[in-house]
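The values are calculated or read from the model by the stated rules, or taken from the named source; none is laboratory data. Values in this document were obtained by computation on a predicted structure and should not be read as measured data. Cβ coordinates were reconstructed from backbone atoms using ideal geometry, including for glycine residues, and neighbour counts include every protein chain displayed.
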Amino acid sequence: MKTDKGGIFGIKKPKGPTSHDIIDRLRQITGIRKIGHAGTLDPAAQGVLVVAIGRKYTKKISKYKDQEKEYIATIRLGIVSNTDDLEGEVNKKSSNQPGKREVEDVLSDFVGTITQKPPIYSAVKINGTPSYKLARQGKNPDPPPRRVTVKDIDLISYEYPDIELKIASGPGVYIRSIARDLGEKLGTGALLADLIRKRVGDFNLENSYDLRSFQKEKPYIS
């Protein structure tokens, strides 16, 4: 009887490794080279990374890129960076402390179909070259703005300087850009201090595997 290997799974990415690092580890675990994922998580972010293992399944991964994603984001006011998160060169911007009502009023501007400018340190291509590569070369890339959909934003808590949000979005939304633009609207500057992706479509933290359990349970073999 022939054993089928592969499938589409939710993997819990920890902070630290890149999404590509996770793919490399899965190749080591499964012995399968053809593996793809449905949406990058930055090294400093953690949460659900949807992966397709095996050629049969990587052909199907594109539909997951368009599914709704849910995040828990911590945005820190008063500071900015060239990467729009804590990984870059951080500088103090303002000591102004907006009130909760002001924060709530500004958040409503980010719900719906909005125009968003990707971070300069992003994989968005400019004349065929990823923006982050141009930035690392000391150039000044200018990623073009694009229309994206933010389905919902809930304010979980606000204790200056940190705003904790629950965000549901469509494809292509940069949470770092929301943090940056929120800081601009509030006049304080801001960056993304922490990010957890809780869900991609039907994959969530509860039904996803960490690498250790994935290696132990071998769900890719049937």
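Taking every residue in segment 145-168 that is over 15 Å from GLU104 (Cβ atoms) and pairing it with any residue that is in a strand (DSSP E or B) and among the aliphatic types (A, V, I, L, M), at least 6 positions away or on another chain, the pairs with Cβ-Cβ distances below 6 Å are LYS151/ALA168; PRO161/LEU77.
This table checks each residue for (1) surrounded by fewer than 19 Cβ atoms within 10 Å (Cβ to Cβ); (2) touching a residue at least 60 places away in the same chain (Cβ under 8 Å); (3) in contact with a strand residue (DSSP E or B) (Cβ under 6 Å, 6 or more places away or on another chain).
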residue: ILE11; (1), (2), (3): no, yes, yes
residue: ARG25; (1), (2), (3): yes, yes, no
residue: PRO43; (1), (2), (3): yes, no, no
residue: LEU49; (1), (2), (3): no, yes, yes
residue: SER62; (1), (2), (3): yes, no, no
residue: ASP66; (1), (2), (3): yes, yes, no
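Exactly one residue out of SER95, SER122 is in a loop (DSSP other than H, G, I, E, B), closer than 13 Å to SER177 by Cα and either in contact with a His (Cβ under 7 Å, 6 or more places away or on another chain) or small (Gly, Ala, Ser) (or both): that is SER122. Scanning segment 138-172 for residues that are surrounded by fewer than 13 Cβ atoms within 10 Å (Cβ to Cβ) and of a type in the set (Val, Ile, Thr) yields one hit, ILE156. Considering only residues that are surrounded by fewer than 16 Cβ atoms within 10 Å (Cβ to Cβ) and closer than 12 Å to PHE9 by Cβ, which ones fall in segment 205-214? If the condition is that a residue be surrounded by fewer than 16 Cβ atoms within 10 Å (Cβ to Cβ) and closer than 12 Å to PHE9 by Cβ, then ASN207, ASP210, SER213 are the ones that fit. Cβ separations smaller than 9 Å between residues 6+ apart or across chains give the following pairs from segment 124-135 residues that are aromatic (Phe, Trp, Tyr) to residues that are surrounded by 13 or more Cβ atoms within 10 Å (Cβ to Cβ) and not in a helix (DSSP H, G or I): TYR132/THR83; TYR132/PRO119; TYR132/ILE120; TYR132/TYR121; TYR132/SER122; TYR132/VAL124; TYR132/PRO141. Here LEU134 does not fit the description of being surrounded by 20 or more Cβ atoms within 10 Å (Cβ to Cβ) and either modelled with pLDDT of 95 or more or not assigned by TED's automatic domain parsing to the domain that holds SER62 (or both).
Scanning segment 11-57 for residues that are within 17 Å of GLY172 (Cα to Cα), in a loop (DSSP other than H, G, I, E, B) and of a type in the set (Ser, Thr, Tyr) turns up just one, THR40. Quick one: how many residues across segment 177-198 are under 16 Å from LEU107 (Cβ atoms) and under 15 Å from the mean Cα position of the chain (by Cα)? Number of matching residues: 5. Scanning segment 1-36 for residues being closer than 16 Å to LEU49 by Cα and among the hydroxyl-bearing types (Ser, Thr, Tyr) gives a total of 2.
Within the set THR74, THR113, the sole residue that is without any contact (Cβ under 8 Å) to a residue 60 or more places away in the chain and outside any loop (DSSP other than H, G, I, E, B) turns out to be THR113.
Restricting attention to segment 58-71, the residues being part of a loop (DSSP other than H, G, I, E, B) and either closer than 17 Å to TYR220 by Cα or of a type in the set (Phe, Trp, Tyr) (or both) number 3.
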